[in-house]
1. Considering only segment 58-175, give the helices (runs of 4 or more DSSP H) lying wholly within it that have at least 1 residues that are within 24 Å of residue 207 (Cα to Cα).
2. Filter segment 395-445 down to residues that are outside any helix (DSSP H, G or I) and touching a residue at least 60 places away in the same chain (Cβ under 8 Å) and give me whichever is least open to solvent (accessible area, probe 1.4 Å).
3. Looking only at residues in segment 309-346 that are at pLDDT 85 or above and not aliphatic (A, V, I, L, M), which one is surrounded by the most Cβ atoms within 10 Å (Cβ to Cβ)?
4. Which of (1) in a helix (DSSP H, G or I); (2) surrounded by fewer than 22 Cβ atoms within 10 Å (Cβ to Cβ); (3) touching a Ser or Thr at 6+ places or on another chain (Cβ under 9 Å); (4) modelled with pLDDT under 75 is the odd one out, the single condition residue 221 does not satisfy?
5. Just checking, how many residues over segment 175-186 are open to solvent by less than 40 Å² (accessible area, probe 1.4 Å) and over 17 Å from residue 128 (Cβ atoms)?
6. For residue 371, indicate whether it is open to solvent by 40 Å² or more (accessible area, probe 1.4 Å), at pLDDT 90 or above and over 18 Å from the mean Cα position of the chain (by Cα).
7. If the Cβ limit is 6 Å and pairs must be 6+ apart or interchain, which residue in segment 196-210 that is modelled with pLDDT under 80 pairs with which residue that is of a type in the set (Phe, Trp, Tyr)?
8. Residues 126, 144, 159: which one is at pLDDT 85 or above and on the phi < 0 side of the Ramachandran plot?
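The values are calculated or read from the model by the stated rules, or taken from the named source; none is laboratory data. Note that this is a predicted model, so its numbers are computed, not measured. Please note: Cβ atoms are built from the backbone with ideal geometry, for glycine as well, and neighbour counts cover all protein chains shown. Please note that ligands, DNA and RNA were not included when accessible areas were found on the heavy atoms of the full protein model with its side chains. Shrake-Rupley method; radii C 1.70, N 1.55, O 1.52, S 1.80 Å.
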Amino acid sequence: MSAKENSYGSILKSSSLIGGAQFFNLLIGLVRTKFVAVLIGPAGVGLVGTYMAIQQFAIVLAGLGIGQSGVRDISDARGSDDLERMAETVTVLRRLSLYLGLFGSLIMALLAYPLSRLTFGDDGHALGLLALSVSVCLGLIAAAQQAILQGFRRIGDMAKAGILGTILGSIATIGWYFALGINGIIPAILTMSVISLLFSWYFSRQIEVTNVFVDYKKLINHSKSLLGLGFAFMWNGLMLAALAYVVRLLLLREFDLATVGIYSAAFGISGMIVNFVLQAMGADYFPRLSEVADDSARMSQLVNEQAEVGVLLALPAIVGLVVFAPVLIHVFYTPEFLPAATLIQWFALGCFARVFQWPLGFVLLAKKKSLLFAGSETFFHALHLLFILLGIRYMGLEGVAVAFVSLYLVSFWIILFIVKRLVQFQWNPAAFRLILLNVCIVLGVFVLAQNVKGNLGLILGAVIFCVVSLCCLRGLLVRVGTDHRLIAAVLRCAPRLKNLI
């Protein structure tokens, strides 16, 4: 196997491990979603989305980005075989996550009543937010353990923790909603936080690191390192969480809680399906990119390879979202959520743009250009909010989804320009042709879905979906080669697939 095939193979191996886990989590999550939709309805789904937006905002703000910067520091230390630095980073990361988690929980508890009044217009949800503050500390500690697993590239353990957590968390969530209805929302969120922490902690403790003593001075020094790059991660996460909260607040003010539920359903399905591809790629990609941060040529090569594999993995999911959006709503929600189908199709276009912009954005982080990353993300989030305000004003609820697409049409070209200046990046001919072709396919399928409705549209879309899936599988086979262990296992089960090459 050539070095290039080996690189594609490494990408596919990590993507298949995390992607398989994410796909399983996706299926379990969709089953859970169906139960949630039936048991608590659109208003309940809207309330869950609002609570989760507040929780995520608090976690991101209190966490200061140390989890993501911890991945970068551990990966950098691994690349230089600095065992002591790795051990110190792990120790500081765990200790700092506890301190920040306790502080974040305290602040959210103190702000429970003002948050309830700001969000819902009264104090009726203050006690719920007070209870939810506990999940901030649990979430930050769990995120630190997951960062340690990713930094050490323990992809298999990450997959196991995700699968086990999803299974038990879904069972617990359904149980709470079945027993308490809409009153089970807070207990369900807290239970899932506890379960996530338990599994991430268990698997991270399986990593053997050197025992080191970290005194106050070392704690401060390492904390500065983590917080320096962590600020960029924190700021981006904070903007994302704040935007998620503001969008729901705008919809709540302009429409009602049921509309928030419809939006949450559409965004949840589209994000859930595409995020399993992005998380699959990201589990190993960012650590690998960080290890070669001083080699611009190698970074450019990794970006191209990651973009190719990402597009081939994501295209069937995107086409499926556009074609089967109404079916997905009927299967995983109830007829009350049917307006979400059109939103899903628009969100799918934006998600596809994310897939080939996403590998570029990590270059800034791997190069430790934290201020540049934070500045660009601030601009993008402000632009997104502007598009949302215009979209709601002129197009109603659908305008929120159109704003999502508009954002990525602008942000892709800006990120591409920045990365070209940083590492003299260029698309290689294979990646450029692949992206251009697949953009045309996605736009064609979108136009088809908007203009050909009913059974005819579903039949034509299903045929295109099958053809696209086979072509993407062929693209992966060509790039990885039949000698790769994963591909060899697939070919043993379905030997006729070898004829695709």
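1. Numbers: elements: 66-79, 83-110, 112-120, 126-132, 134-151.
Result: 66-79, 83-110, 134-151.
2. The qualifying residue least open to solvent (accessible area, probe 1.4 Å) is 425.
3. Result: 346.
4. Looking at each condition in turn, residue 221 falls short on (3).
5. Taking segment 175-186 and keeping what is open to solvent by less than 40 Å² (accessible area, probe 1.4 Å), we get 175, 177, 181, 184-186.
From what is left, the residues that are over 17 Å from residue 128 (Cβ atoms) are 175.
Adding up the residues that qualify gives 1.
6. Answer is no for this residue.
7. Every condition considered, the pairs that remain are 207/152.
8. Going through 126, 144, 159 in turn, just one is at pLDDT 85 or above and on the phi < 0 side of the Ramachandran plot: 126.
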